[in-house]
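Visitor: Would you mind keeping the following structure in view while I ask a few things?
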Amino acid sequence: MATQPKPILHGYFRSSCSWRVRIAFALKGIEFDQVPVNLIKDGGQQLTDQYKQLNPMQQVPAVHIDGIILSQSLAVIQYLEETRPGPRLLPADPVKRAQVRMVSDIIASGIQPLQNLCVLQKIGAEKAQWAQHFIQRGFEALEPILKETAGKYCIGDEISMADICLVPQVYNADRFKVDVDQFPTIKRLNQTLMELDAFKVSHPSCQPDTPADMRA
């Protein structure tokens, strides 16, 4: 049987959505190749006609896998869950599975898009305050939910898609100077997760297109 080619991740080193996919690959033990798409250089490489053929939304990531191209990080993660063995990213228990999806959607739909680059570029001079406001608002909702669902990780004691979404969002909170000390559950979970190799190797500072002055 022919060996399947490695997946190709087209992404940006500091993109939350690209980072989620990198974490999922690492957790599943999947080797992959990366093609950097710089969201700032040349006015945004995601806006080229060439990249638009990969992802008509002109966002990152785009993942070439199994002969198809997928965009939207949660769709990619759930495809990996359904097609690749390894640690589960969605719990077997239907209640916990629903909670994982709830937390993931709060972050991926309710927080992150409002501090996305294309949004902040439209906001202009007030972009930092805008991002702070919506991350703060989102974390105020997320903290009591995680206080109820968390064990060692976001949902009980198994790493899940919710954890994959949480870590990049905490990184963004730090970037925009949101005081994460206000949210002890979020802070504890993030610290625990960042001790794991899959989250470390996926960090923006470890990516090939990270500018030298951004590396850890």
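Visitor: If I ask for residues that are farther than 20 Å from Leu120 by Cβ and touching a strand residue (DSSP E or B) at 6+ places or on another chain (Cβ under 8 Å), which ones from segment 57-79 would you list?
Guide: Scanning segment 57-79 gives Ala62, Val63, His64, Ile65, Ile69, Leu70, Ser71, Val76, Tyr79.
Condition check ((1) at pLDDT 95 or above; (2) touching a helix residue (DSSP H, G or I) at 6+ places or on another chain (Cβ under 9 Å); (3) surrounded by 18 or more Cβ atoms within 10 Å (Cβ to Cβ)) across all residues:
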{"site": "Ala108", "(1), (2), (3)": "yes, yes, yes"}
{"site": "Ile111", "(1), (2), (3)": "yes, yes, yes"}
{"site": "Gln121", "(1), (2), (3)": "no, yes, no"}
{"site": "Glu126", "(1), (2), (3)": "no, no, no"}
{"site": "Gln132", "(1), (2), (3)": "yes, yes, no"}
{"site": "Tyr153", "(1), (2), (3)": "yes, yes, yes"}
{"site": "Ser160", "(1), (2), (3)": "yes, yes, yes"}
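Visitor: Quickly run through segment 191-209 and pick out the residues that are in contact with a Lys or Arg (Cβ under 9 Å, 6 or more places away or on another chain) and under 12 Å from Gly11 (Cβ atoms).
Guide: Within segment 191-209, Ser202, Pro204, Gln207 qualify.
Visitor: Moving on. Give, as residue ranges, the helices (runs of 4 or more DSSP H) completely inside segment 4-97 that count at least 2 residues that are among the charged types (D, E, K, R) and touching a Pro at 6+ places or on another chain (Cβ under 9 Å).
Guide: Correct list: 16-28.
Visitor: A follow-up question, please. Of the residues in segment 40-84, how many are charged (D, E, K, R), on the phi > 0 side of the Ramachandran plot and open to solvent by 80 Å² or more (accessible area, probe 1.4 Å)?
Guide: Count: 1.
Visitor: Which residue pairs have Cβ atoms closer than 7 Å, lie 6 or more positions apart in sequence or on different chains, and pair a first residue in segment 100-121 that is over 25 Å from Ala150 (Cα atoms) with a second residue that is β-branched (Val, Ile, Thr) and open to solvent by less than 30 Å² (accessible area, probe 1.4 Å)?
Guide: From segment 100-121, the pairs are Gln115/Ile135.
Visitor: Also: Is there a residue being over 18 Å from Arg20 (Cα atoms), assigned to a helix (DSSP H, G or I) and open to solvent by 10 Å² or more (accessible area, probe 1.4 Å) anywhere in segment 168-181?
Guide: Yes, segment 168-181 has at least one match.
Visitor: Arg137: at pLDDT 95 or above, assigned to a helix (DSSP H, G or I), of a type in the set (D, E, K, R) and surrounded by 15 or more Cβ atoms within 10 Å (Cβ to Cβ), yes or no?
Guide: No; evaluated as a whole, the condition is false for this residue.
The values are calculated or read from the model by the stated rules, or taken from the named source; none is laboratory data. Only a predicted model underlies this, so the values are computations on that prediction, with no experimental measurement involved. Quick reminder, even Gly has a Cβ in these numbers, built from the backbone with ideal geometry, and neighbours come from all protein chains shown. Just the protein is used for accessible areas: all its heavy atoms, side chains included, with ligands, DNA and RNA removed. Shrake-Rupley method; radii C 1.70, N 1.55, O 1.52, S 1.80 Å.
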